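*Asks:* Just dropping this structure here.
The values are calculated or read from the model by the stated rules, or taken from the named source; none is laboratory data. Please read these numbers as outputs of a predicted model, since none were measured by experiment. When we count neighbours, we look across all protein chains shown, and the Cβ atoms used for this are built from the backbone with ideal geometry, even at glycine. Keep in mind that these areas ignore ligands, DNA and RNA; they rest on the heavy atoms of the full protein, side chains included. Shrake-Rupley method; radii C 1.70, N 1.55, O 1.52, S 1.80 Å.
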Amino acid sequence: MDVAHGSGSAAVDRLRRSITGTVVVPDDAEYDEMRHVWNGMIERHPIAIVRAASTDDIVPVLRISRELGLRLAIRGGGHGVAGTGTVDDGIVLDLGILRRVEVDPDTRLVRVEPGATLADVDRATESFGLAVPIGVVSGTGIAGLTLGGGVGWLTRAFGLTIDNLRGASVITATGDHLAASAVENADLFWGLRGGGGNFGVVSSFTFRAHPHGPEVFAGTFIYELPRWSEALRAFAVWAQDAPPAITSLITFMVPPPAWELGDRVLMFLGFAWAGADHVRAADVVATLRNAAKPDVEVLEPMRWLAWQSAFDDLLPKGVRAYWKNASFARLDDGLIATLVEQAGAQTWYGTAADLHHMGGEFGSVAEDATPFPNRSAQYWLNIYGFWGDAADDPARVAWVRGFGAATTSHAMTGQYVNFLGDEGPRADARQQALLAYGPAKFERLMALKRRYDPDNLLRLNHNIPPG
């Protein structure tokens, strides 16, 4: 790529004159490291990467990209599986330095800058005995997680991350600064809560936090493959009456060697209790244990930060990742048989499937309150990979796709965009968005896109086309 001519050279010159941050170009030593995102399958070569020194750098980057007709990628934590935080022959706006988290323990409001990770949020809130409901991998960026939804260990107790968003400061594609909340620009606020980064660059988020931790009641039951069907049937019965304070996540995978659990596929039934009543939590877990006695049990005092980062080692930067997802109304015998057959076929380390138990506070939110699809879902399945060798790409992608296809007859409508991988340049963005959100929400999202980004400058995402 030659940046010495045309719009590339003009962009670099204008960026360096316009911002207080750093402009990294292909000749710079740090360029190769900075152009890469978390998903090692994504290989892009931007003209320039702008490391914003403050939110004041956002408007000039938007303006220059728009005026020169250059593709623009917005990067927060850079952890998205679809790899939309980088671009070929365009500009990357990297907000990763902007990681401040401010906690008001009296109001329990938490203001977060767009480059912060989940670990930054957890570290800031834990010392006050508070937590914001967020995801399960601490290296994830708070911006991308929030704009897509935010499923994690507190979903049943307190809802999705978007359900706890109280306001956002947004810079639109045309450079307008807007406040979005339930009372200011409420239409934009609706779109931000699940519609992705389609409507502007969020320069700060304000969340509601909940009393939680720092020590939590959490643990894992582990089951050998011959016990899966029995355990899943028992879990399905238990889950129907489980209190909202407990959120469960079932993972099917061959464990990493560091866990010293062997090289066969196992089922991990993890659970976390939201609240201080650990005696009640122990009783609820005992009911599950009696119904589905585990082969191995791990249950010990745990700090919230440690529990939140338990999956981190599986998903370091550079792993090759491709994901699919589906939601379900029930965990019935047909779905159980499919899960056992598909997940049980794994004989390798580097792929997995997570079955999230939903319901509770998540299900109490009205369907049309946010763009997030399918509030009636009781379970959400994420099928994903984290392998290291490019030679394994065909087999691992085929496994994820095959598993996803096998669940289709059991699945409900709707897709969680944060669990959607890169489907390549031939993918139909309109069709993908329609499948994710459904016709009614899709039309409403398109209307917002026409209002706030009619030229689709912010299109490197799970894109909502203007029309």
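*Asks:* Just need the Rg to Rh number for the range 332-467, please, alpha carbons only, Kirkwood Rh. The partial results should precede the final answer.
*Replies:* Details: Rg = 16.9 Å, Rh = 16.9 Å.
My calculation of the ratio gives 1.00.
*Asks:* Still on this structure, please answer the following. Taking a ≥ b ≥ c as the square roots of the Cα gyration tensor eigenvalues, with a/c under 1.5 meaning rounded and otherwise prolate when a/b beats b/c, else oblate, which class fits the range 108-186?
*Replies:* The shape class here is prolate.
*Asks:* If you wrap a convex hull around the alpha carbons of the range 360-422, what volume per residue comes out, as a whole number of Å³?
*Replies:* 98
*Asks:* Another question, then. Under the Karplus relation 6.51 cos²θ - 1.76 cosθ + 1.60, θ = phi - 60°, what is the ordered set of whole-Hz ³J(HN,Hα) values for the range 101-112, x standing for Gly and Pro?
*Replies:* Using θ = phi - 60°, the values come out as 10, 10, 10, 9, x, 6, 8, 6, 9, 10, 9, 10 Hz.
*Asks:* From the convex hull of the Cα coordinates of the range 1-77, what is the mean projected area in square nanometres? Present the calculation step by step, with values, prior to reporting the outcome.
*Replies:* On the way: hull surface 20.7 nm².
Reported value for the Cα convex hull: 5.2 nm².
*Asks:* What trypsin sites (Lys or Arg not before Pro) does the range 20-102 have in DSSP loop regions with at most 15 other beta carbons within 10 Å?
*Replies:* Those satisfying the criteria are 100.
*Asks:* Then there is this: Please go through the range 400-467 and write out the trypsin sites (Lys or Arg not before Pro) that DSSP classes as loop and that have at most 16 other C-beta atoms within 10 Å.
*Replies:* 426
*Asks:* Using the Kirkwood radius over C-alpha pairs as Rh, can you work out the diffusion coefficient of the range 170-260 via Stokes-Einstein at 4 °C, viscosity 1.567 mPa s, in µm² per second?
*Replies:* 72
*Asks:* Once a ≥ b ≥ c are taken as the square roots of the eigenvalues of the Cα gyration tensor of the range 411-467, is the result rounded (a/c under 1.5), prolate (a/b larger than b/c) or oblate (a/b not larger than b/c)?
*Replies:* oblate
*Asks:* If you don't mind, there's one more thing I want to ask. Straight-line reach from residue 449: which lysines fall under 19 Å, measuring Cα to Cα and dropping same-chain residues less than 8 apart?
*Replies:* Cross-link targets: 441.
*Asks:* A further question on this structure: Within a Cβ distance under 14 Å of residue 353, other residues only, what is the Lys/Arg minus Asp/Glu net charge?
*Replies:* Value of the local net charge: +1.
*Asks:* Please check which bits of the range 334-367 a label hung off residue 409 would reach, taking the label as a point 7 Å along Cα-to-C-beta and the cut-off as backbone N under 14 Å.
*Replies:* 334-339, 341-342
*Asks:* Quick one: in the chain, what % of C-alpha pairs are over 28 Å apart?
*Replies:* Result: 50 percent of Cα pairs exceed 28 Å.
*Asks:* Now for a separate question. Using R₀ = 22 Å, calculate the FRET efficiency as 1/(1 + (r/R₀)^6) where r is the Cβ-Cβ separation of residue 224 and residue 313; round to 0.05.
*Replies:* Values: r = 23 Å, r/R0 = 1.03.
So the FRET efficiency works out to roughly 0.45.
*Asks:* So which trypsin sites (Lys or Arg not before Pro) in the range 177-252 end up in coil per DSSP with only 13 or fewer other C-beta atoms within 10 Å?
*Replies:* In loop regions of the range 177-252 (DSSP not H, G, I, E or B), there are no sparsely surrounded trypsin sites (Lys or Arg not before Pro).
*Asks:* With a 1.4 Å probe and all protein chains left in place, how much accessible area per residue does the chain have, in Å²? Mind showing how you got there, number by number?
*Replies:* Details: 18050 Å² over 467 residues.
Roughly 39 Å² per residue, with all protein chains present.
*Asks:* Compute the distance from the alpha-carbon center of the range 235-271 to that of the range 318-370, in whole Å.
*Replies:* One Cα centre to the other: 12 Å.
*Asks:* Based only on Cα atoms, what mean projected area does the convex hull of the range 177-323 have, in nm²?
*Replies:* Approximately 12.2 nm², given one-decimal rounding.
*Asks:* Follow-up question, since we're still on this one. Which log10 I(q)/I(0) values, to two decimals, does the range 38-133 give at q = 0.13, 0.14, 0.15, 0.23 Å⁻¹ under the Debye formula with one point per Cα?
*Replies:* Values, matching the q order: -0.54, -0.60, -0.67, -1.10.
*Asks:* Full extension from residue 166 to residue 431: what is 0.36 nm times the residue separation minus their Cα-Cα distance, to one decimal in nm? Before the final figure, lay out the partial values.
*Replies:* Working: separation 265, 0.36 × 265 = 95.40 nm, distance 3.06 nm.
Separation in residues times 0.36 nm, less the Cα-Cα distance, equals 92.3 nm.
*Asks:* Taking K and R as +1 and D and E as -1, what net charge do the other residues with C-beta under 14 Å from the C-beta of residue 23 add up to?
*Replies:* -1
*Asks:* Related question: Got a number for carbon plus sulfur as a percent of the chain's accessible area, 1.4 Å probe?
*Replies:* Whole-percent figure for carbon plus sulfur exposure: 50.
*Asks:* Next question, about the same structure. What is the extension gain from residue 347 to residue 443, computed as 0.36 nm multiplied by their sequence separation minus the C-alpha to C-alpha distance, in nm to one decimal?
*Replies:* Taking residue 347 through residue 443 to full extension adds about 30.2 nm, to one decimal.
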